[in-house]
Structures are given as structure tokens and as C-alpha cells.
Amino acid sequence: MTDGILPDVRCALVHDWLTGMRGGEKCLEVFCELLPQADLFTLLHLAGRMSEPIEAMNIHTSFVQKLPFVESKYRHYLPIFPRAIERFDFSGYDLIFSSSHCVAKGARPRPGALHICYCYSPMRYVWDMFDAYFGEHRTGRIKRAIIGTFAARLRDWDRRTCDRVDRFIAISEHVRKRIQRNYERDADVIHPPVDCSFFRSVGEPEEYYLVASAFAPYKRIDLAIETFNGLGRPLKVIGSGPDERRLRAMAGPNIEFLGAVSDEELRAAYSKCRAFIFPPEEDFGIMPIEAMACGRPVIAYGVGGALETVTEETGLFFPEQTVAALRKAIEEFEQRELEFKPELARAQAMTFNRPVFKRKVADYLRASLQRTGGM
């Protein structure tokens, strides 16, 4: 491993938790490659679940690491996460680079240190999407009231501690606006990376459509299933999560659940699908870009991060999260299918390629340190 881009700067990387490789961890992997001399602080680390560049770091965990049942129930400890992040001592660091969708941005820098936050979103479950996570239809009235009390405290903490950050980087324009609305702070935008060297076409398109996601309520896999129940078209569903039993129960015989799959299996499913269906409102959304990197068009809900990634040449949008709107978009796609060229989808995905992201982050860190005197 090299000395990275800032070998003489004492750096601390801060990431909420290390429990698996999802979109945020793919970003963190690049940060670790850029700053391999940094110490990595996190609430919780489940050893062996991360990629090699992350596992190779000097990792410091909080007291959350030692709590009962933490491997499977760590999210239940959300109310104490602010206390855990604030107990880390960052007095020996010139630069804090937090990678945050929860509490990492609350890290306290020493006076004179620079704190840059790469923000995936202000905490969605206590700000914009509380009802999607904790609506009465999901939690019940009493539990919702209890959670609501903790959520109010977390919102207050989240707002108060945003002043610990000198500069915010948002993952999308959609999140930049959310940072402005919730924190009253400006942010720059650097979109997350997709590994286009891996995600590429490995097969010819077949007749099925594809939807892939964690089975969380706001992902709206139910919308895709209900729509394809009516259409009768073949749909393959990749993923797992708390909604799985409900989703399987509502699916017709034309819908096939593949479960959690390997990256290689996901790549093959992208490559062979007729189109990728993307029904949620996402902060950014990496999967549509992975599908485009494999040469396939995308049919996406026209809100949020998808508007920054999918173009008229690479897919279609539907304006409402309704069966009628999604069905209309699919029918339009089938009429225009030959217009969507694999090479145009691939070219659009390449603008989000991993080396592009790595260069942008490196340039941003260097420029930020120069503006603050170089440290």
C-alpha cells in the first residue's frame, strides 16, 4: 500500500459502521486507498466482512462493539450512537474525513483541524423518511410514539453538530438540497463510484425484467411486483430483507425471487435483462448505473438521484409511484425498445467510473488543505 495523497497529514477516517460492503463502503474503500496512513474510526466492525483495503486499515471501534447481540441488532442501539461517536478522541489529527449517513459527521475535531464530511444523506429515518421506516402500519401507535421521541432528540443533535463540519460533500444534488434544508449548510457534489471495469456486459438480453434491492419498505419492490402481476411479464427479483415474506406472498407465478446473489451473478442478471426497474426515491442510486454499465436501459421513478444518472438515451422515467404510471412507462419502453443502444448506456455509466471518483476526491482534499494553509 502506498503512502497515499497526503502522507504528511495526520488523518482520521470516520465511518458509521463496518458490517458489509454496500454503496457507502465502496466509497470508503476509495478513501482508504487515498489515505492508507489514516486511522479508521467506526462504531462497530464485524471483522472479515469488508474489502481488503478497509480491513488493512488501523481500525478503532466504540463501546458499541461490546454490546449484546450487536452483530444482528446494532441498529436497535441508534439512540446511543451520538454518545459513542463523541467519545472518540481526535485531538491528534489535522484532518477528519467522515463518511456519514448516520452519526459519523458528529466527530469532534480539535481546534484548528479540518473536518470534511462526505455525506450520503442526513439521517433519513429521522428526517425525510420517518414515516417510511416507522409508520403506524409498520410499528404500531405506541412503538411509533416512543421512536418519535428518540427521533426528535436525534434530529436536534444532528442539527447542532453539523457545525463541527467545515465542508460537506454531498453524493448528489438531491442530497445537497437536503443538507441545505435540514442543516442550512452548503455542500459540494461528488457522485459515488461504480466499478465499470467489473460491471460490463457478459451476455445477450433475454425476455425478463429485473429489479434488485434490499427489501426495505421505501425501496418499493412491492410496486414492481404488483405491476408485473398485472402485466404478466417475467420479472426477476434480487435481494433480501425484512419485507421478503410479504413480497413473496404477493408475487404471481411470473415473478422469480433469486435471493441474495454474488457480484458475478448480479452482473449476469443485469446483462441479460430486458430493462432494469428502479422504483424507489433514492439519494443517488448505484444499481441503475451498474445496469447501464452492462449496457441495459433503466425504467426509473423520476425523483431523486435517478434524475442525475439516467438520461433520455439510457432509459425512461415514470412520474408517480403507482401501478398505472409504472405500467405506462413499461409499455412505452416496449414500443421504443430499439432506440436504447447498449453503447450509450455504457458511455453514460463511464462518467461515474471508479477512477473518476478517486481523482475528484483526491483533488478536493488537496484543494481544501491548500485553502486552510496546507497544515
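Looking only at the range 179-229, count how many residues are farther than 24 Å from E244 by Cα and among the hydroxyl-bearing types (S, T, Y).
Summing the residues that are farther than 24 Å from E244 by Cα and among the hydroxyl-bearing types (S, T, Y) in the range 179-229 gives 3.
Please specify each residue of the range 36-51 satisfying the condition of being more than 20 Å from the chain's Cα centre (by Cα) and closer than 23 Å to D195 by Cα.
Within the range 36-51, P36, G48 qualify.
Give M50, M57, M129 a once-over and let me know the one that is modelled with pLDDT under 90 and aliphatic (A, V, I, L, M).
Among M50, M57, M129, only M129 is modelled with pLDDT under 90 and aliphatic (A, V, I, L, M).
What do you reckon, is S240 closer than 22 Å to Y301 by Cα and either aromatic (F, W, Y) or in a loop (DSSP other than H, G, I, E, B) (or both)?
yes
Collect the residues in the range 149-165 that are acidic (D, E) and crowded, with 16+ Cβ neighbours inside 10 Å, keeping them in residue-number order.
If the condition is that a residue be acidic (D, E) and crowded, with 16+ Cβ neighbours inside 10 Å, then D158 is the only one that fits.
Give the range 71-97 a look and list any residue that's over 22 Å from the mean Cα position of the chain (by Cα) and either hydroxyl-bearing (S, T, Y) or crowded, with 17+ Cβ neighbours inside 10 Å (or both), or say none.
A84, F88, F90, S91, Y93, D94, L95
Restricting attention to the range 6-32, and to residues there that are surrounded by fewer than 19 Cβ atoms within 10 Å (Cβ to Cβ) and over 21 Å from G285 (Cβ atoms), which single residue is farthest from the chain's Cα centre (by Cα)?
Among those residues, the one meeting the criterion is D8.
Could we say that T322 is over 24 Å from G259 (Cα atoms) and crowded, with 21+ Cβ neighbours inside 10 Å here?
It is false that T322 is over 24 Å from G259 (Cα atoms) and crowded, with 21+ Cβ neighbours inside 10 Å.
Could you go through the range 196-209 and let me know if any residue there is part of a helix (DSSP H, G or I), among the charged types (D, E, K, R) and not assigned by TED's automatic domain parsing to the domain that holds L326.
No: zero hits.
The values are calculated or read from the model by the stated rules, or taken from the named source; none is laboratory data. Not measured: the values here are computed from a predicted model. Cβ coordinates were reconstructed from backbone atoms using ideal geometry, including for glycine residues, and neighbour counts include every protein chain displayed.
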